[in-house]
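Participant: Before I ask anything, let me first share the structure, which is written out below as structure tokens.
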Amino acid sequence: MSTIAIPNENLTRTGVAATLPVPAPLADADRKPLTKKETAADHPTWCPGCGDFSVLALYYKLIEKRKMLHENICTVAGIGCSSRFPYFVQAHGAHFIHGRALAFASGVSLSRPDLHVFVFGGDGDAFSIGGNHFTHTARKNIKMTYVVMDNFVYGLTKKQTSPTSPIGFKSKTDVGGSTDRPVNPMKQAICAGATFVGRSTATNVNHLLGLMDAAMSHDGFSFIEVLSECVEFFPGAFDAAIPRKGGTFPEISADHDVTDEYAAYKLCDEPWPGMFGTFYKVNRPTKNANEAKLITDARAKLAGVPDWQILQKNFDRMK
Amino acid sequence: MSDNTATANQQGSPKTSTIAESVIRIAGNSQDGIQAIGGFLARLAGRSEQDVMTFMTIPSTISGGPSIFQVRIGSGEVLSAGDEADVLLCFYDHSYANHISSLKRGGIVLYDSDHVKPNEELLGTYHHIGVAISSLTVEAIGGTGRDKGKNIYALGLIARMFDLNVPKLTKLIEERFGGKDPSIVKNALDCFNGGYGHQIQGLIESFKFEHAVHTGAAQVVMSGNEALAFGIIAAGVRFGAGYPITPWSEVMELLRRELPKYGGTFMQTEDEIAAVSMAIGASYGGRVAVTGSSGPGISLKTEAIGWAVMAEMPLVIIDVQRGGPSTGMPTNQEQSDLNIACFGGHGDSPRVVLAPSSVEDCFYTAIEAVNIARKFSTPVFILSDQAIATRIEAFPCPDLQNICQDISPDFTPVADHKPYDLSAPDGITRHVAPGTRIASGKYPVATGLEHDELGHPTGSGKMHSQMNAKRRTKLHKLASEIPVPKIYGATEGHVLLVGWGSSKGPIEEAVKLGRSQGEAVSGLHIKYINPLPENLENLFSGFTHVIVCEINDEGLYGYGQLASILRARYCDPRIKSVTKTDGLPWKVKEILTRALSLTK
Ligand SMILES: Cc1ncc(C[n+]2csc(CCOP(=O)(O)OP(=O)(O)O)c2C)c(N)n1
Ligand code: SF4
Ligand SMILES: [Mg+2]
């Protein structure tokens, strides 16, 4: 029996606990890529026409394309309409609390180098209540892929202003129109130190799938903003980015230097609907790799020494 | 100065008395290294098989400030750091003024005559001995004009007074300062020898500790914070996350430094919410993780802990309590987080709460907490406090070879899996970590929404009731397994003093003191606070008064936090409450007097 490739074979397996046991890849030549039927779980509770459906469908496609196996898929989310995601994926997953999905996912990522963690969530979850974690997970470059389904509104709680709502947006908390300057997610991510920063729409499926695929291959914190329409509370929000609705889909040109931070910032300021594609991508040591190095260095002199003897040494010094 | 003194000095050496124990209080500023003196004394006692307990106050100001370190060394069992000092060493006028009243009548005050001007009125009450510690230190190290090292000089003076083992102390000093610039060790030894060699004018008496009973086991000497961190490592935990806050920081600093040696890591996160979330994520990854904090940080963690209760995820949360609410009294002793540990958060969220009673108990409680978290798939709080965290005790070195455990996750594929199986006989959830293949192709979601047996959301009130019952029932199972505490002293009598956490030692001493005065007093220490062990009501039944002594406020209805729980649980009107919030550990006499006054 030949060994099938470990699912994320082209991913760098770095991480703490590099010395701790992780599951051995199963030797199972017969296992075929998962089909949508095998990956789909609960029927999504989203409103018909919600943009999030298409992101979910693309995740199934990505799983199939990357030949990921059930047991190695780990999907994490916070709270919001979009954050219901893990229930709809037939795989290991966690539905955590509002705004803290990145911190939870960091715990998984740092302790389980064999997994590639995907986090899905909404704009409120990411940039409002979770803003601090967004900044620090990006800054530390903790390896995972974060897809924010940005609908410019609080969907689950039924139409309050979100941190990405445009000025003038009329919501239940801003009946006369929002006055606060919205977050620019691309700028926020680059500034915080994310090492892969991309933008797409739920309607341009090929473009988004390509971006998710590239994000997954990135060794670091990869972030994608997906404009995903809330048909219930902000219908038509992204028409300007949908060609079949008369809009345009301005793609970042092939000659953009993705390692040029200033060029990336410039792209962030393009007028609505802005640019789509990879704004920024650099390689910087991940937190996972940095911690793994600490461990390797600390253990360099301890090869073969059982844990209790390492501890005994400490205790002997306290005698 | 008495004639007695003169005679003694003429004869060249003071008389020597053999003592069973002594309480030495050192008062100065924290930057003078007074903790170091205490640390040396504690470790020397540990190496001499003597029992030792220390008590330390840390200033909350950044640049240091008034600080004390109290060491109680005994040849028998030492239960508390001592109500009154036998010897007070003070470096400044403020140390003298603030601490002279902690000295017992007739006790010795050894003061730095370069800085301290004794109070004339007290000369008859305490035995005053002035030594120009600052200038003599400068002299001892060759006159650089700086008195850095006066702590070690003072250690030398104490070594002379108590006839301490000089070769052992010298070795400790060499170990402590060795490895650095050799001139540092030399300076330290010069200071020590200077102090030891100094002829103390006016010393009427020197002391010698009784030979301690040889227990055979070598002793280790450490603080409660160290014992907790090492216990966590021994338990096999390899991931933790936290955010700095006094007095918890030391635990996280130690774990951050040590865990990589074991293949693990500890994350300093952006805040306490991230810390608890990251730890829960790592637990979900398959191996129970640890987080911790003190008061304000524990408040921040409560939402995520509620998730861990709901998702039934194992987790260990260390709470090194300090004075609250809010920023409160950051460097003071208090036991006021019992309520947040047991009940903090919204909804019905049963979890486990354990409170270690001593430094040694910190080590073993950490391991027990990890094992309860794993076995019952639940968050477990460890309630330590400022007093245990910072004090140093000696205890027999644990048998690490047999204690250290490997809790690596098991990724063996399973046929089918229902994490929240309602038909499980013990009601306990068992998670399979990501990476585990489930042959049925049905994978679970760990969730904070009320869920069905597979972890999928439900709006069913019936399911919510069943799952609430499941989460509570498993703690009943735990309650039936935890040991019933034993009464300290007679099992029947007039007064039962009940305590928890670090109050154990002072309460047991209060029992001894009370019995010596003819009072029918006994003690009961409750370590397992949530769930409570079974059979407590029978233990209470042997006494006319059950008095719970705890360091928190009596609240709106006149009862401390544990007393309120016990009264609610047992509906027993004999349960009364003695509380205080003066920021200090219990004094033995304080407990006894206040408890007895409730019974009169
Ligand atoms: C601590 C906390 N505060 C508030 C809420 C209520 N809440 C749930 S989702 C949400 C906002 C969701 O908006 P977003 O993240 O944009 O997700 P969407 O529903 O739009 O996909 C809020 C405020 C909560 N669940 N927890
Ligand atoms: S409310 Fe909006 S975001 Fe939520 S499911 Fe409906 S359409 Fe989607
Ligand atoms: Mg939203």
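The values are calculated or read from the model by the stated rules, or taken from the named source; none is laboratory data. Given the structure is predicted, the values throughout are model-derived calculations rather than measurements. Note: ideal-geometry Cβ built from the backbone for every residue, glycine included; neighbour counts use all protein chains shown.
Participant: For A:ALA241, only one of the following conditions fails: (1) farther than 23 Å from A:TYR154 by Cβ; (2) among the small types (Gly, Ala, Ser); (3) away from chain B (no Cβ under 14 Å). What is its number?
Facilitator: Here A:ALA241 meets the rest and fails (1).
Participant: OK, next. Would you check if A:HIS70 is surrounded by fewer than 16 Cβ atoms within 10 Å (Cβ to Cβ), within 12 Å of chain B (Cβ to nearest Cβ) and not small (Gly, Ala, Ser)?
Facilitator: No: the conditions fail for A:HIS70.
Participant: Inside the stretch A:147-175, can you point out the residues that are farther than 17 Å from A:PHE238 by Cα and within 9 Å of ligand 3 (Cβ to nearest atom)?
Facilitator: The answer is A:LEU156, and nothing else.
Participant: Test A:ILE167 against the stated conditions and say whether it is in a loop (DSSP other than H, G, I, E, B) and more than 16 Å from ligand 1 (Cβ to nearest atom).
Facilitator: Yes.
Participant: Got a sec? Which strands (runs of 3 or more DSSP E) wholly within the stretch B:361-460 have at least 1 residues that are facing chain A (nearest Cβ under 9 Å) and buried (at least 18 other Cβ atoms within 10 Å of the Cβ)?
Facilitator: B:445-447
Participant: Can you pull out the strands (runs of 3 or more DSSP E) entirely within the stretch B:244-325 that have at least 1 residues that are surrounded by fewer than 24 Cβ atoms within 10 Å (Cβ to Cβ) and either acidic (Asp, Glu) or more than 8 Å from every other protein chain (Cβ to nearest Cβ) (or both)?
Facilitator: Output list reads B:265-268.
Participant: Would you mind stating whether A:HIS136 is more than 15 Å from ligand 2 (Cβ to nearest atom) and within 14 Å of chain B (Cβ to nearest Cβ)?
Facilitator: Judged against the criteria, A:HIS136 is a match.
Participant: Can I ask one more? Would you check which residues across the stretch A:112-163 are surrounded by fewer than 22 Cβ atoms within 10 Å (Cβ to Cβ) and on the phi > 0 side of the Ramachandran plot and list them?
Facilitator: A:LYS158, A:LYS159
Participant: Of all the residues that make up the stretch A:112-126, how many are of a type outside the set (A, V, I, L, M, F, W, C) and either within 13 Å of the chain's Cα centre (by Cα) or near ligand 1 (Cβ under 7 Å from one of its atoms) (or both)?
Facilitator: 6
Participant: Evaluate the stretch B:335-347: report whether one residue or more is surrounded by fewer than 20 Cβ atoms within 10 Å (Cβ to Cβ), among the polar types (S, T, N, Q) and modelled with pLDDT under 95.
Facilitator: No - not one qualifying residue is present in the stretch B:335-347.
Participant: Before we move on, is A:LEU208 closer than 23 Å to A:THR45 by Cα, part of a helix (DSSP H, G or I) and not charged (D, E, K, R)?
Facilitator: yes
Participant: Quick check on the stretch B:342-359. Is at least one of its residues part of a helix (DSSP H, G or I), within 14 Å of the chain's Cα centre (by Cα) and more than 18 Å from B:LEU475 (Cα to Cα)?
Facilitator: Yes, the conditions are met somewhere in the stretch B:342-359.
Participant: So which residues in the stretch A:301-319 are within 7 Å of chain B (Cβ to nearest Cβ) and among the hydrophobic types (A, V, I, L, M, F, W, C)?
Facilitator: Of everything in the stretch A:301-319, those that are within 7 Å of chain B (Cβ to nearest Cβ) and among the hydrophobic types (A, V, I, L, M, F, W, C) turn out to be A:LEU302, A:TRP308, A:ILE310, A:LEU311, A:PHE315, A:MET318.
Participant: Oh, and also: Any residue in the stretch A:142-158 that's within 14 Å of chain B (Cβ to nearest Cβ): show its pairings with residues that are near ligand 1 (Cβ under 6 Å from one of its atoms) at Cβ separation under 6 Å, as long as the two are six or more apart or on different chains.
Facilitator: A:LEU156/A:GLY80; A:LEU156/A:CYS81
Participant: Go through the residues of the stretch B:327-349 one by one and say whether even a single one is among the hydroxyl-bearing types (Ser, Thr, Tyr), touching a residue at least 40 places away in the same chain (Cβ under 8 Å), within 14 Å of chain A (Cβ to nearest Cβ) and touching a Phe, Trp or Tyr at 6+ places or on another chain (Cβ under 9 Å).
Facilitator: Yes, that holds for at least one residue.
Participant: Being modelled with pLDDT of 95 or more, assigned to a helix (DSSP H, G or I) and closer than 15 Å to B:VAL521 by Cα narrows it down to one of B:LEU562, B:LEU592, B:LEU566, so name that one.
Facilitator: B:LEU592
Participant: Do you know which of the residues in the stretch A:45-66 that are assigned to a loop (DSSP other than H, G, I, E, B) and either within 19 Å of the chain's Cα centre (by Cα) or within 16 Å of ligand 3 (Cβ to nearest atom) (or both) is nearest to the other protein chains (Cβ to nearest Cβ)?
Facilitator: Filtering first and then ranking leaves A:THR45.
Participant: Take the residues of the stretch A:164-204 that are aliphatic (A, V, I, L, M) and over 17 Å from the mean Cα position of the chain (by Cα): which is surrounded by the most Cβ atoms within 10 Å (Cβ to Cβ)?
Facilitator: Ranking the qualifying residues of the stretch A:164-204, first place goes to A:VAL183.
Participant: Somewhere in the stretch B:389-402, is a residue of a type outside the set (Asp, Glu), under 14 Å from B:TYR528 (Cα atoms) and in contact (Cβ under 8 Å) with a residue 40 or more places away in the chain?
Facilitator: For the stretch B:389-402, residues of a type outside the set (Asp, Glu), under 14 Å from B:TYR528 (Cα atoms) and in contact (Cβ under 8 Å) with a residue 40 or more places away in the chain: absent.
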